[in-house]
1. Take the alpha-carbon centre of the range 58-75, take the same for the range 18-44, and report the distance between them in whole Å.
2. Could you give the nm distance between label points at L56 and V100, where each point is 7 Å from its Cα heading toward the beta carbon?
3. Can you work out the PRE-style zone for L80? Point 7 Å along Cα to Cβ, and I want the residues of the range 12-48 with backbone N under 11 Å.
4. Taking R0 as 30 Å, what FRET efficiency do you get between F14 and F39 from their Cβ-Cβ distance, rounded to the nearest 0.05?
5. Using every pair of alpha-carbon atoms in the range 2-101, split the distances into 5 Å bins beginning at 0 and state the percent of pairs per bin, rounded to integers.
6. From the square roots a ≥ b ≥ c of the eigenvalues of the alpha-carbon gyration tensor of the range 60-102, which class results: rounded (a/c under 1.5), prolate (a/b over b/c), or oblate?
7. Which of A60, A87, A29 moves most in a GNM of the chain, Cα contacts under 10 Å?
Amino acid sequence: MGIAAWLVWRSGGFRTNRQALTLFLVQLALNALWSWLFFAWHRGGLAFTDIVVLWLFIAATIVFFWRVRPLAGVLLIPYLLWVSFAAVLNYSVWQLNPQVLG
């Protein structure tokens, strides 16, 4: 993730790639929020909603990074796959433990 963002940054910085880098920062914030929602606050439904929105932002980031530097987009694909797996786990754990994860 860091290398992908660095490649985009080096291709013109924030002035040239404002949308791509803003999407990257938003998905980072959503990623951090998910951990709090799921593990700290035990809000399974909200965590699942967050991870779905996170997935969409990662996909958008990949598209925007790809336009700037294709390698930067490719480097985020494993992250998207990991979040896809995490979303399935989030949903499953939430559905199997409604008493704990609301």
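1. 18
2. 2.9
3. Inside the label zone: nothing.
4. 0.40
5. Bin by bin from 0 Å, the calculated values are 2, 14, 23, 20, 14, 11, 8, 5, 2, 1.
6. prolate
7. Highest fluctuation among the options: A29.
A short reminder: the numbers here are calculations on the coordinates, not readings from a lab. None of the values given here were measured: they were computed from a predicted structure. With ideal geometry, Cβ positions are generated from the backbone for all residues, glycine too; neighbour counts draw on all protein chains shown.
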